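J.: First the structure, then my questions, so here it is.
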Amino acid sequence: MKKIEAIVRSEKVSDIRNALEKINYTGLTLTQVDGHGNQKGTIQKWKGVEHKITIIPKTKIEVVVDDGDVEKIVETIADEARTGELGDGKIFVYAVEAVMRIRTGQKGACAL
Amino acid sequence: MNGFKVFLVMAFVIFGVFAGPCAFGQETALKIDTGDTAWVLICSALVMLMTPGLAFFYGGMVRKKNILSILMQCFIILCVISIQWVLFGYSLSFAPLKGFWGGFSWFGLNGVGLAPYADYSSTIPHQVFMIFQGMFAIITPALIIGAFAERMKFSAFLLFTVLWATFVYDPLCHWVWAMGGWLRNMGALDFAGGTVVHVNAGIAAIVTALLIGRRKNLDSNVPAPHNLPFVVLGTALLWFGWFGFNAGSSLGANGIAANAFVVTHTAAAAAGLSWALLEWLRNGKPTMFGVASGAVAGLVAITPAAGFVSVIPAIVIGLLVSVFCFTAVSVLKPKLGYDDSLDAFGVHCVGGIWGAIATGLFASKAVNPLGADGLFFGNPKQLLIQLIAVVVTILFSAVGTLVIYKVVDILLGMRVNEKEELIGLDLTQHRERAYTVLE
């Protein structure tokens with residue numbers, strides 16, 4: 001089992017969710033995050049004081065999937081998230097050791 | 001359910017028992033004008049609302065960890081100065097003694113009854129005048145908060161405020177507005193408090209900002225407003241309340257009130273627009289924060305002039321105040337390096353000085369026969385009187401604030417220590433957190 005962690009533009013999240021739903025992946029976790037990679041940000045100016053806005057808000061999407069589905073899902077997310085501009089984001093894949101469905105106590109791949 | 005109904009019935013009975021006699025109460029004078037009284041009472045409520053409005057105006061500008069400290073400072077002023085006012089503040093400010101202040105003859109509102117007091121307002125109960133003025137006495141010290149935001153100790157702040165209200169606000173109020181006040185007798189025109197409120201608080205602001213010092217890590221960690229919608233909400237409440245502040249200062253529902261209302265609104269509008277245009281030119285984009293700041297500056301500037309100038313001068317006053325305040329805030333402050341955190345000096349002092357001078361330029365007896373003519377209406381002497389009033393205000397406020405600051409600093413220490421400043425005032429001064437992390 002693998003966790004796919006995608007940090008994407010917040011305005012792309014709806015498209016990504018719809019695309020995942022089309023291929024029958026409905027579970028996901030969203031977090032509002034702030035950060036930056038190579039994106040430069042902008043300079044805000046109030047009352048003569050400059051504020052460099054280099055910390056940029058994005059959305060982090062986390063899904064845990066079977067090993068065999070990793071590539072399909074990564075491609076689906078990337079296709080929807082891509083604009084071609086700086087700031088499209090990154091996708092990371094992690095190994096997941098164990099999974100449990102809390103309601104039933106099921107463990108392993110059937111808990112996904 | 002049952003208990004609640006019983007409570008309701010009891011409440012009505014008790015209310016009826018006590019309200020009955022009061023309804024036939026203590027009205028004596030035939031001269032009380034119901035329109036004037038209703039108007040000034042409503043205006044008093046409007047001005048009261050400006051203090052919480054200011055709390056949000058300032059509160060949105062500070063870092064998240066300090067919002068409660070701003071709200072707290074404003075609300076505690078509302079509590080403590082209200083008491084100070086009815087006990088002795090009103091007496092010191094308005095009792096008709098010539099000299100430093102009015103004395104204690106009206107301690108605890110002794111002699112301040114429900115009949116009109118002709119020297120101040122002949123058509124409304126004396127207590128209405130008193131409570132209306134009380135709201136001014138409350139908001140003036142609250143304006144200073146902007147200068148020392150995010151670093152003042154609460155205990156010191158409380159003592160400083162009470163002393164400042166008693167020894168700086170009350171005397172100055174007395175000189176400008178009371179019977180026997182020497183600036184009033186000299187002919188200084190200050191309709192609703194350009195000098196008494198704004199220049200006064202603004203000078204206190206720059207003095208305290210210089211004495212308390214800059215916030216830590218200001219250059220590496222430029223603080224941004226944590227909640228601009230609060231700032232805008234606060235601005236809206238201030239603009240609304242300012243109708244009471246200025247139009248209520250006519251002390252009657254009359255033509256002067258109408259004039260004050262119209263020019264107040266127009267000056268605010270012109271100033272908001274002006275600041276937006278300035279930002280557009282200088283920074284490339286107009287901002288919400290800029291329009292809000294501009295509008296407040298406009299309201300400050302029109303305050304001394306509201307009952308004396310007409311609408312075209314009001315537009316000029318508004319357009320220009322943003323130029324002066326914008327310059328003070330974005331050019332002067334960075335250059336000179338003082339940390340007037342929320343621009344209490346840059347907006348209230350600079351705006352108030354311009355307003356007082358503008359009154360000396362644009363005042364017209366055609367608007368208000370009880371006022372005077374200004375420079376542009378053939379009377380240069382008024383401008384001189386206005387300048388004297390401004391200079392006196394600046395000197396008195398500066399010296400008074402300095403002395404009080406030093407005294408309180410020795411007794412309690414004004415500034416929090418570095419660790420407390422980093423953690424934030426909400427947690428360190430009030431052991432309180434505004435926004436919970438967990439449910």
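J.: Using the Karplus curve 6.51 cos²θ - 1.76 cosθ + 1.60 with θ = phi - 60°, what ³J(HN,Hα) values do you get for each residue of the range B:262-268, in whole Hz, with x for Gly and Pro?
T.: Computed from phi, the couplings for the range B:262-268 are 5, 6, 4, 4, 5, 5, 4 Hz.
J.: Also, quick follow-up: Taking the Cα centre of chain A as the origin and placing charges on Cβ (Lys, Arg +1; Asp, Glu -1), which of A:ILE77, A:VAL8, A:ALA95 is farthest toward the positive end of the dipole?
T.: So the residue we want is A:VAL8.
J.: May I pose another question? On alpha-carbon atoms, Rg over Rh for chain A using Kirkwood Rh?
T.: We get a ratio of 1.09 for chain A.
J.: Which of A:TYR94, B:TYR120 comes first, and how do the rest follow, when ranked by fewest Cβ neighbours within 10 Å?
T.: Fewest to most other Cβ atoms nearby, the residues stand as A:TYR94, B:TYR120.
J.: Also, I was wondering about something else. Taking θ = phi - 60°, what integer Hz values does the Karplus form 6.51 cos²θ - 1.76 cosθ + 1.60 yield along the range B:229-239, in sequence order, with x for Gly and Pro?
T.: Karplus values, whole Hz, x for Gly and Pro: x, 4, 4, 5, 4, x, 4, 4, 5, 5, 4.
J.: Sequence-distant or interchain residues sharing an amide H contact under 5 Å with B:ALA363, placed H: which?
T.: Amide H to amide H, under 5 Å and 5 or more residues apart or across chains, B:ALA363 pairs with B:GLY374, B:LEU375.
J.: Now for a separate question. Would you mind giving the mean number of other chain beta-carbons within 10 Å of the Cβ of each residue in B:221-230, as a whole number?
T.: 2
J.: Past 25 Å, Cα to Cα: identify those pairs from A:LYS45/B:LYS335; A:LYS40/B:LYS65; B:LYS98/B:LYS406; A:LYS47/B:LYS406; A:LYS45/B:LYS153, in the order given.
T.: Working: A:LYS45/B:LYS335 16 Å; A:LYS40/B:LYS65 27 Å; B:LYS98/B:LYS406 29 Å; A:LYS47/B:LYS406 30 Å; A:LYS45/B:LYS153 30 Å.
From A:LYS45/B:LYS335; A:LYS40/B:LYS65; B:LYS98/B:LYS406; A:LYS47/B:LYS406; A:LYS45/B:LYS153, over 25 Å: A:LYS40/B:LYS65; B:LYS98/B:LYS406; A:LYS47/B:LYS406; A:LYS45/B:LYS153.
J.: Quick one: what are the phi-derived ³J(HN,Hα) couplings along the range A:75-87, Karplus 6.51/-1.76/1.60 with θ = phi - 60°, whole Hz, x for glycine and proline?
T.: 5, 4, 4, 4, 4, 6, 7, 6, 10, x, 8, 4, x
J.: On to the next question. When the Kirkwood hydrodynamic radius is evaluated over all pairs of different C-alpha atoms of the range B:102-150, what value in angstrom, to one decimal, is obtained?
T.: Roughly 12.5 Å, rounded to one decimal.
J.: Angle between the Cα long axis of helix A:13-22 and the longest principal axis of chain A, 0 to 90 degrees, nearest 10?
T.: Once rounded, the angle reads 20 degrees.
J.: Non-local amide H neighbours of B:VAL112 (under 5 Å, H modeled in plane, Pro and chain starts lacking H): which ones?
T.: For B:VAL112, whose amide H was placed from the backbone, there are no distant partners under 5 Å.
FYI, it's all coordinate maths here, none of it is from the lab. Bear in mind the structure is a predicted one, so any value in this text is a computation, not a measurement. Backbone-built Cβ (ideal geometry, glycine too); neighbour counts: all protein chains shown.
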